[in-house]
Amino acid sequence: MKIINVLRSVRAEQLQRIDPSWVGRLIQIATILFYTSLLFHSIEWSLFGIDRFEVKLTMITFPLLLIVWGFTLFYTPRSLTKEEKFFYTVATIYGASQFVSLIHSPYPMQSLVQGIIVASLLIMMVVISWLVRDKKLMHAMYTVMGIAALVWGFSEFGFYQLFIDITARLGQPGTIFIPYWQGDSASFGDVLLFVTGPVYWIFFQMANKRIGRYAIWVLIPIWLHLFTLTYTKALILAALLFFVVGMVLLRGSVRRIMVISSILFVLLNIRTGSILGYEQKSIAGLRIAYQRLTTPTPPPVEPPPAPTPTPTPPPVEPPPAPTPTPTPPPVEPPPAPTPAEAAQAKEYQRELLLTRFNPFTSYGSNSMLVRWKAMRVSVAGSLDYFFFGHGAGLSQALLPKLAEAFDSKLSEEERVQYEFDNLYGPKVNSSIIDAHNLFLTEFFNVGIIGALALVGLVLRVIKLQIDILRRKSLRHDPIIVLSISVFAALLLYRMAGSYIVVPYFWVMLGVLFGLSEGINRMSVAQAQNG
């Protein structure tokens with residue numbers, strides 16, 4: 001007890017000496033460093049070849065943020081509101097479900113690693129929600145991130161246009177000029193959605209300057225083109241939702257920027273992947289040229305060895321001489337494609353890429369049908385371990401096996417239809433690694449308790465944003481509207497993808513919850529003082 005009393009007296013003495021502005025500046029510096037480092041989260045270096053353990057920039061900036069959070073808890077303590085107690089309790093339940101799922105996990109070590117990663121992301125969300133409490137800090141975060149994102153995005157666009165083949169998707173390995181990029185087109189799109197709010201915050205600031213009014217209409221089409229070059233349908237819809245939310249909630253000149261941007265975005269997507277369907281343009285000559293370029297040259301066939309002559313026995317007449325086996329002519333390698341054929345094959349590959357992007361073609365619609373089958377398999381498998389799930393992070397390991405079992409239970413009529421739609425067999429099932437939906441995937445992994453806790457976190461944040469939008473003074477605030485727009489886009493994106501071990505969605509949950517709580521506390525304080 002004496003030690004506790006001494007610590008309390010030391011803390012009280014320190015609180016009297018500390019300058020609150022010093023703590024505020026420390027929070028601002030640490031938060032901006034961490035927030036901006038998220039732009040480069042997919043850049044990683046493997047350490048000792050250990051699976052799922054890589055060195056990332058956020059592994060440096062987040063510990064710094066944790067230290068600052070510790071200083072904040074010590075020097076500026078505050079009691080939790082009912083809203084915070086509820087939010088943090090639900091987050092704890094969701095985090096605990098990751099470890100409880102080890103009960104049924106056939107790969108407990110893999111599930112344990114997944115649980116540790118998700119717990120770290122939840123801690124990240126809590127820290128951000130505790131530190132980001134006012135719009136002034138949001139302005140600084142968005143400004144630094146927006147400038148960094150513009151430089152990054154335009155560099156990637158230039159690198160892609162100058163050095164990458166037109167048949168590649170932006171975000172795949174090799175299409176990013178930064179080495180050690182470990183993402184793909186979908187993860188690249190996740191970063192784009194996260195930083196588009198800060199980018200448009202910079203555009204809004206530029207629109208207030210005479211030169212900036214004209215410059216943004218050069219920069220905006222380039223930025224929007226980054227989305228189309230990923231050829232990811234869910235990303236296009238999520239980005240469109242970002243603009244729709246902005247158009248509805250913003251007012252004045254910033255609203256005009258969002259309206260014109262949305263029109264440009266639609267036109268760019270129509271130009272990139274016409275709804276007419278590129279399959280209609282694929283003629284037989286292009287297919288033959290493509291096959292000639294992609295079919296490997298067979299090795300020459302060696303002639304068989306000459307037959308060994310049979311010795312003639314003395315009293316018996318010699319048998320007739322065996323007919324020599326004709327030597328097959330050597331296989332001629334296919335002639336090298338002409339420049340015209342190479343150009344045709346390249347154009348055909350390009351058309352295949354655009355066909356995938358276009359949901360109105362058979363190839364484009366097939367990817368959607370495969371996702372629908374994955375959802376059916378995932379939900380059916382989730383019922384086996386309804387409460388605690390199959391094990392955290394095991395969807396990719398278990399779902400292909402469950403897809404094989406799913407095929408074996410199809411009726412003859414269903415099997416024929418699945419074969420017609422190219423949804424049947426081991427080749428398709430090997431690509432069914434998750435439900436392509438964050439909430440359904442977590443239902444499979446950690447059961448209904450964890451999935452409902454995750455839904456509860458999201459719904460609580462949505463409810464708080466609706467409460468903020470009911471305030472006339474904040475309804476059209478650009479920084480709040482941009483944050484809500486980014487969150488809506490990320491949420492829709494997770495309806496078509498299982499991006500759980502990336503920080504962007506969790507950071508936006510923390511930002512919006514913390515900002516909402518900061519505004520509510522300020523309103524209460526003003527009401528008490530007034």
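The values are calculated or read from the model by the stated rules, or taken from the named source; none is laboratory data. Everything quoted here is computed from the prediction, not taken from an experiment. Here the Cβ is made from the backbone with ideal geometry for all residues, glycine too, and neighbour counts use every protein chain on show. What goes into the accessible areas is simple: the full protein's heavy atoms, side chains included, and nothing from ligands, DNA or RNA. Shrake-Rupley method; radii C 1.70, N 1.55, O 1.52, S 1.80 Å.
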inquiry  = Taking amide H atoms as placed 1.01 Å from N in the peptide plane, list the residues 5 or more away in sequence, or in a different chain, whose amide H sits under 5 Å from that of Gln172.
reply    = Ser185
key: Charge context of Phe513, other residues only, Cβ under 13 angstrom, K/R +1, D/E -1   = +1
query = Rg and Dmax of the range 363-429, Cα atoms, in Å?
reply = 12.5, 37
task = Calculate, for Arg475 and Met206, the FRET efficiency according to 1/(1 + (r/R0)^6) with r their C-beta to C-beta distance and R0 22 Å; round to the nearest 0.05.
result = 0.40
key: the range 174-188 - phi-based ³J(HN,Hα) in whole Hz, Karplus 6.51/-1.76/1.60, Gly and Pro as x   = x, 9, 10, 6, 7, x, 6, 6, 10, x, 9, 4, 5, 5, 4
ask   = How large is the accessible surface per residue of the range 128-247, computed with a 1.4 Å probe and reported in Å² as a whole number?
value = 37
ask   = In the structure shown, do any of Lys82/Lys136; Lys401/Lys427; Lys82/Lys135 have a Cα-Cα gap over 19 Å, and if so which?
value = Lys82/Lys136; Lys82/Lys135
task = Give a residue-ordered list of calculated ³J(HN,Hα) values for the range 56-67 (Karplus: 6.51 cos²θ - 1.76 cosθ + 1.60, θ = phi - 60°; whole Hz; x for Gly, Pro).
result = 10, 5, 5, 6, 9, 6, 6, x, 4, 5, 4, 5
query = On full extension of the chain, what length is gained from Thr76 through Lys136, given 0.36 nm per residue of separation minus the C-alpha to C-alpha distance?
reply = 19.8 nm
ask   = Gain in length, Arg350 to Gln396, computed as 0.36 nm per residue apart minus the alpha-carbon separation, to one decimal in nm?
value = 13.6 nm
task = Return the sequence-ordered ³J(HN,Hα) values of the range 454-468 in whole Hz as given by the Karplus equation 6.51 cos²θ - 1.76 cosθ + 1.60 applied to θ = phi - 60°, using x for Gly and Pro.
result = 5, 4, x, 4, 5, 5, 5, 5, 4, 4, 5, 5, 5, 4, 5
ask   = Taking N as the number of residues in the range 66-152, what value does Rg over Cα atoms divided by 2.2 N^0.38 Å take?
value = 1.43
query = When only DSSP loop residues count, what trypsin sites (Lys or Arg not before Pro) in the range 191-244 have their Cβ near at most 13 other Cβ atoms within 10 Å?
reply = Lys209
inquiry  = Taking R0 as 56 Å, what FRET efficiency do you get between Thr327 and Val144 from their Cβ-Cβ distance, rounded to the nearest 0.05?
reply    = 0.15
